[in-house]
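The values are calculated or read from the model by the stated rules, or taken from the named source; none is laboratory data. Because the structure is a prediction, the values reported are computed rather than measured. Here Cβ is always computed from backbone atoms with ideal geometry, including for glycine, and neighbour counts include all displayed protein chains.
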Amino acid sequence: MNLKTTPKQQFLLYVHKINEDSPQAILPSLAELSSIFINHNLTSQSLTLLKGWVADLQDLCADLSDIDKLHLLSDYFFNELSFNLTLKDGPSKEKDLLLSSIILQKSANFLPLAFLYHYFAQQINLPLFFISNNKLNLLKYYGKNSCFFVDFKKLGKLTSTEDNARSKKLLTKDLEVCSFKETYIYYLQTLLHYYAQELTNKNTEEIQLALKILEKQEHPISNYTSSHFNENPPPLESESSVFYTLH
């Protein structure tokens with residue numbers, strides 16, 4: 001019996017894991033969305049590139065401290081691979097929101113680009129989190145003895161809470177950690193809004209169903225620590241894993 005799942009079915013499997021606030025399911029879910037809305041072959045091509053980059057990064061980060069890994073990751077991501085943040089006026093474009101296009105064109109809106117950066121961080125065991133105000137284009141690093149922000153507008157430069165509060169005139173809550181689930185909901189809402197605005201003929205049923213699953217039972221974040229993040233990173237290839245596999 002052939003039990004192979006379709007991209008739509010696999011996407012919803014990942015959504016159920018994200019509903020448990022699992023960061024490991026985010027990037028595989030984005031890969032399935034790319035297969036649904038763009039092209040499966042293009043997605044496979046982009047994931048092949050991604051696996052090679054991750055392997056190179058893991059080799060470079062062997063035996064480094066977390067802070068050294070963080071500096072190296074930003075240099076590798078923004079300089080070596082030349083990823084950049086799309087900072088243009090006007091509505092979002094599909095190519096700035098879906099994973100396969102992002103990997104191939106190397107630019108994107110903040111959230112999908114941050115999801116990709118965050119995936120790299122998972123593969124080298126770096127504790128990174130999203131924050132309440134994602135319009136700030138920042139990811140938050142929580143180490144054993146330090147806390148920094150990765151600034152995407154500054155090619156991954158590390159900044160402090162004081163730097164951001166002073167320069168951006170922020171409220172403390174703007175820089176607080178936001179759950180992976182809530183961040184992903186915001187991304188799906190952005191994607192759904194894009195397709196509604198563009199009046200495309202693409203079927204967004206899976207996105208709408210995913211939002212219903214995720215919004216049905218919101219839960220507050222609690223006790224966010226490095227141990228919450230540091231589960232085993234998802235394998236890049238595994239025949240035994242139903243979840244977390246980039247095909």
Step by step: first the residues of region 172-198, then only those that are surrounded by 14 or more Cβ atoms within 10 Å (Cβ to Cβ) and among the aliphatic types (A, V, I, L, M), then the one that is nearest to K95 (Cα to Cα). Which residue is that? L191
Is it true that some residue in region 3-15 is closer than 25 Å to S160 by Cα and either surrounded by fewer than 19 Cβ atoms within 10 Å (Cβ to Cβ) or in contact with a helix residue (DSSP H, G or I) (Cβ under 7 Å, 6 or more places away or on another chain) (or both)? no
All but one of (1) touching a Ser or Thr at 6+ places or on another chain (Cβ under 8 Å); (2) more than 28 Å from H193 (Cα to Cα); (3) outside any helix (DSSP H, G or I) hold for S92; state the number of the condition that does not hold. (2)
Residues of region 56-89 being farther than 22 Å from K154 by Cα, free of Cβ contacts under 8 Å to residues at least 40 places away in the same chain and in a helix (DSSP H, G or I), in sequence order, are D56, D59, L60
Go over the candidates K157, K153 one by one and state the one that is touching an Asp or Glu at 6+ places or on another chain (Cβ under 7 Å), among the charged types (D, E, K, R) and touching a residue at least 60 places away in the same chain (Cβ under 8 Å). K157
Do we find a residue being surrounded by fewer than 20 Cβ atoms within 10 Å (Cβ to Cβ), within 15 Å of the chain's Cα centre (by Cα) and modelled with pLDDT of 90 or more anywhere in region 156-171? no
What are the residue pairs meeting all of these: first residue in region 3-23, first residue within 12 Å of S35 (Cβ to Cβ) and without any contact (Cβ under 8 Å) to a residue 60 or more places away in the chain, second residue hydrophobic (A, V, I, L, M, F, W, C) and in a helix (DSSP H, G or I), Cβ atoms under 6 Å, and 6 or more apart or on different chains? P7/I36
Does I36 satisfy being β-branched (V, I, T), buried (at least 16 other Cβ atoms within 10 Å of the Cβ), in contact with a Pro (Cβ under 6 Å, 6 or more places away or on another chain) and not in a loop (DSSP other than H, G, I, E, B)? yes
Under the condition of being farther than 15 Å from A165 by Cβ and in a strand (DSSP E or B), which residue from region 129-150 is modelled with the lowest pLDDT? Y142
